[in-house]
1. Let me confirm something: among A:ARG517, A:ARG550, which residue is assigned to a strand (DSSP E or B) and modelled with pLDDT of 90 or more?
2. Within the set of pairs 6 or more residues apart or between chains, which connect a residue that is under 12 Å from B:VAL26 (Cα atoms) and without any contact (Cβ under 8 Å) to a residue 60 or more places away in the chain inside the stretch A:336-349 to a residue that is aliphatic (A, V, I, L, M) and open to solvent by less than 30 Å² (accessible area, probe 1.4 Å) with Cβ atoms less than 9 Å apart?
3. Report, by residue number, each residue of the stretch A:333-357 that is open to solvent by less than 10 Å² (accessible area, probe 1.4 Å), within 7 Å of chain B (Cβ to nearest Cβ) and farther than 26 Å from A:ILE543 by Cβ.
4. Could you tell me how many of the residues in the stretch A:458-471 are open to solvent by less than 30 Å² (accessible area, probe 1.4 Å) and away from chain B (no Cβ under 14 Å)?
5. Any residue at all in the stretch A:359-372 that's touching a residue at least 40 places away in the same chain (Cβ under 8 Å), under 14 Å from A:GLY313 (Cα atoms) and open to solvent by less than 30 Å² (accessible area, probe 1.4 Å)?
6. For residues that are of a type in the set (Lys, Arg) and more than 30 Å from the chain's Cα centre (by Cα), scanning just the stretch A:25-83, find the one that is farthest from A:TYR379 (Cα to Cα).
7. Condition (residue is assigned by TED's automatic domain parsing to the domain that holds A:LEU531, in contact with a helix residue (DSSP H, G or I) (Cβ under 9 Å, 6 or more places away or on another chain) and in a loop (DSSP other than H, G, I, E, B)) applied to the stretch A:449-464: is it met by at least one residue?
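The values are calculated or read from the model by the stated rules, or taken from the named source; none is laboratory data. On a predicted model such as this, the values are computed, not experimentally measured, just so you know. Ideal geometry is used to build each Cβ from the backbone, glycine not excepted, and the neighbour counts take in all protein chains shown. Each accessible area value is taken on the protein alone, full model and side chains, heavy atoms only, with ligands, DNA and RNA left out. Shrake-Rupley method; radii C 1.70, N 1.55, O 1.52, S 1.80 Å.
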Amino acid sequence: MQSPKHPTAGHILQLARLSAPFAMAALCLWALSTRIELPSASEIWALLGGLKLWQWLAACVATAVSFWALGRYDSVAHRHLQTGLDGPQARRAGMAAIAFSQLVGFGLFPGAYARWRLVPGLTAMQAAQLTGLVGLTFMAALAVICGVAMLMVPLSPWFTPVGGILVATALGATVLSFLAPTLSLGRLNLRWPSLTAMVALSVWALIDVLAAGSALWVLLPGMLDIPWSTLVVVYLIALAAAILSSAPGGTGPLELMVFTLLPAQDSTGLLAALLAFRLVYYALPAALSCAMMLMPQRLKTMRAPVIDPDLLGARRASACALQHQRPCAETGVIRQNGGHVQSFGFNQLALLDSPQISVALLDPLVGELRETLAPLKRYAQQRNATPCIYKCSARNALAARQAGWAVLRIAAEAVLSPAAFNEAGSHHRQLRRKLRHAEKSGLTVLPAPTNLPLAQMEALDKLWQEQHGGARGTTMGRFEANYLATQRVFLAWQNDRIIGFISLHVSKAEWCLDLIRICPNAPDGTGHVLLRAAISASAEEGIARLSWLRSPIIAMQPGWIRGCAGSKPALHQPGSRATWPAPAGVKWSLPGLKWPA
Amino acid sequence: MACPSWSEMVIAGLEMARLINRPGKVLPASTALNQSVVAAGSFATSTAEADHEDAGWEDALQTPGARAS
């Protein structure tokens, strides 16, 4: 057992870790003293005294802008971590935390402590996660900004290649984060910020550093004539060095880098400007943040209650809350894909949250889409995601457009009325031929029993996936036992063997075709017989609409649907609930009816 | 398909394409076996559930800045 009086290797390492920032600061200050001739205190004071009042005030304004942007930056980080605390108090706490930690240094701990103390409801773990996230993403954003600035203002020959590498790396990382939204490190799963969050973080970081650089520029004594763009680029690089060093307040590395990149400038004037900048940008905010941390209750009483009117009455229910009586049967896909029922007041949406978007699928389950647009936007904003409505009807698309949303027509829905379905007529002869082929081969189609023959169905699904290169996801159903249990299933039997099946989403007024799985060597017409069985069953149950599919507009080809729906096909325009007749001379097809051989 | 702006439409389009073409594991419909009550079509299938929903409303109304869940 180790005696506490004898230092262990762990203690030594801890001591080294704590003293490293001070050592770094001392080393940089020593290096600085060898590069420049340090002026006397009286010279510095004389230069500081020569600064005009407007310069001090302008620097204070620029500092305020910079910290305001940092507060906004913290809000984005809160939203990424879904703390639910991205309001004004969290922003003020973020400002205070950064003001405190940039003075104290030591990386994670001061910032986490400040956030934990100033934001009620934030746990110590969340505060640490938040501080880590802010630190890492700010470094990344600063690297991108530095890269762009180095390309735009190449003060040195090495600026261009280094800037190019930084920008290319950032673009590569962005693409990677989109394709693989979660980074798994053993048991640890890290979620990249969404593209929306990345843009927001970059913009706030840009505003912050531009304002901070401007504060330094405005404090330059009259003897120095340094262009704003040059000084800002120098400041960006010096700031990156200061953050990497973890030196308290970046003291040493920041100054050393500024003097290294501006060797021809008067060192006394530059040092005076840096000292003034330290007073305005570091000391003043740190003093304010210390006062805030001493009296966190005071901050709370200053806060007005925040109620977001858009999200009043918002609540989330699992997908099992889907009602049988809903306009679009296809909303049943959320049972499988991690979707949920999101209520905004009396309106309900079938919502799916992904790393990048919050997408409302099809038309609202209950209520009016126009009333959900603002809440959906706010809901998505709270998780740094993009709001989206996917496969809505033309009427709702119009409502979205009237509200200023961008609307894109992407698909056409093919539907038929089961009661009006008729196989007679010369233009259905191909269909009748297919049905005869299937019947001659001894094929029988039956509704699936309550206890689905899952083993055979799964084997068939595997066979189908092998032939088709796997199943797609999200709005396309995939084979899963519990999911199928909520659907209407029809099985095609041949010699006591299942050679195909289809499944349909069901609601009170509509059925919607979901899965189609047919054995590669099934007889010709197997799919047609399955679909005819579904049409007959839906007609018997008085279902008004049978939705075959929503096909990309460009995929619509001449074909079969006219035969299904009779001489006056009841076709829906993309997502439209109103029926539109097919254009004269155009027949519509269902790609899904082109069965595999 | 609708989004607040065309730039967001680009992000949403790319993400939908990713989700459809590169799906992850099949998420089980864990509650699917309870669907018989859903199929019955009532808004609140039990008093307890209705109470739970009311609690969500109260949370949303009383917690400043918090989202009901």
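1. Only one candidate passes the filter, namely A:ARG517.
2. From residues that are under 12 Å from B:VAL26 (Cα atoms) and without any contact (Cβ under 8 Å) to a residue 60 or more places away in the chain, the pairs are A:GLY338/A:ALA319; A:GLY338/A:LEU352.
3. Selection gives A:SER354, A:GLN356, A:ILE357.
4. Looking only at that region, the number is 1.
5. No, the stretch A:359-372 has no match at all.
6. Of the residues in the stretch A:25-83, the ones of a type in the set (Lys, Arg) are A:35, A:52, A:72, A:79.
So of that shortlist, the ones also more than 30 Å from the chain's Cα centre (by Cα) come out as A:35, A:52.
On the way: A:ARG35: 55, A:LYS52: 48 Å.
Within the stretch A:25-83, the match that is farthest from A:TYR379 (Cα to Cα) is A:ARG35.
7. Here is the first cut: in the stretch A:449-464, the ones assigned by TED's automatic domain parsing to the domain that holds A:LEU531 are A:449-464.
This time we only want the ones that are in contact with a helix residue (DSSP H, G or I) (Cβ under 9 Å, 6 or more places away or on another chain), so: A:450, A:452, A:454, A:457-458.
Filter once more, so that each one left must be in a loop (DSSP other than H, G, I, E, B): A:450, A:452.
Yes - at least one qualifying residue is present in the stretch A:449-464.
Residues are listed down the side, and each one gets a yes or a no for (1) within 14 Å of another protein chain (Cβ to nearest Cβ); (2) in a loop (DSSP other than H, G, I, E, B):
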position: A:ARG432; (1), (2): no, no
position: A:ARG436; (1), (2): no, no
position: A:GLU439; (1), (2): no, no
position: A:VAL445; (1), (2): no, no
position: A:GLY473; (1), (2): yes, yes
position: A:GLY477; (1), (2): yes, yes
position: A:VAL489; (1), (2): yes, no
